[in-house]
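Visitor: Mind looking over this structure? Questions follow.
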Amino acid sequence: MEDSIRKALREKAPKIERSYEVEEESNTVRSDQRLNNPSNKPTKWIADIYPKWLDSYFRFVLTAEKEGNIVRFQLFTIVLLELTHMPNRSDENRRLFFITGGVLCKRSDMGWLEFRSVMENQHIISAIHRFVPALPWFIYKYTQAVGHLFIMNQFNRIF
């Protein structure tokens, strides 16, 4: 137990303000997709490969840049979404990223993306929770939401 406490005290986790007590905004997004994982890839590998895969899949249009615990998805020079990995909230079966910015994000203090291993690592759940899109709901619903589902279905094909 003492070793665990020492390790926790040494770990420098990003300080990010979160608003768990605030009321949900209307049109807050929750989205879950189940990804097949027949090769039993570790959750860390899946979370690490996702931005690299996006960068490759959308070559010359969308880029994913990683700087420390921060991943930025950019359309040319515009940051669409910024995710901050939270190592203190992640483990071998879960990788958690707070959504901390970008033009597609209305609130940078609420949403998160996570990859979670389930069913003895046969599947990975990719989930978005409490994301508040910047786009008006009727536009979000037919553009960004459809795009996200398409992207996750394409990503599932690499397994």
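The values are calculated or read from the model by the stated rules, or taken from the named source; none is laboratory data. As the structure is a computational prediction, the values presented were derived from the model and not from experiment. In this analysis, Cβ positions are derived from the backbone assuming ideal geometry, glycine residues included, and neighbour counts consider all displayed protein chains.
Visitor: Given the residues GLU65, GLU120, which is the only one that is at pLDDT below 95, touching a Lys or Arg at 6+ places or on another chain (Cβ under 7 Å) and either exposed (fewer than 14 other Cβ atoms within 10 Å of the Cβ) or under 24 Å from ILE158 (Cβ atoms) (or both)?
Guide: GLU65
Visitor: Same structure again: Do you know which residues across segment 133-154 are surrounded by 15 or more Cβ atoms within 10 Å (Cβ to Cβ), aliphatic (A, V, I, L, M) and in a helix (DSSP H, G or I)?
Guide: Across segment 133-154, the qualifying residues are ALA145, ILE151, MET152.
Visitor: Identify, please: which residue in segment 46-62 is charged (D, E, K, R) and surrounded by 14 or more Cβ atoms within 10 Å (Cβ to Cβ) and is, among those, farthest from PHE115 (Cα to Cα)?
Guide: Only one residue fits best here, namely ASP55.
Visitor: Is it the case that segment 94-112 has a residue that's under 23 Å from PHE58 (Cβ atoms), surrounded by 14 or more Cβ atoms within 10 Å (Cβ to Cβ) and of a type in the set (Asp, Glu)?
Guide: Scanning segment 94-112, I find no residue that is under 23 Å from PHE58 (Cβ atoms), surrounded by 14 or more Cβ atoms within 10 Å (Cβ to Cβ) and of a type in the set (Asp, Glu), so the answer is no.
Visitor: On the basis of being over 20 Å from PHE150 (Cβ atoms) and either of a type in the set (Phe, Trp, Tyr) or under 13 Å from the mean Cα position of the chain (by Cα) (or both), does ILE125 make the cut?
Guide: No.
Visitor: When the residues of segment 1-59 are narrowed to those that are acidic (Asp, Glu) and modelled with pLDDT of 85 or more, which ends up farthest from GLN74 (Cα to Cα)?
Guide: ASP32
Visitor: Let me ask something else. Go over the candidates ARG130, ARG157 one by one and state the one that is closer than 30 Å to ASN40 by Cβ, surrounded by fewer than 17 Cβ atoms within 10 Å (Cβ to Cβ) and of a type in the set (D, E, K, R).
Guide: None of the other options fit; the residue is ARG157.
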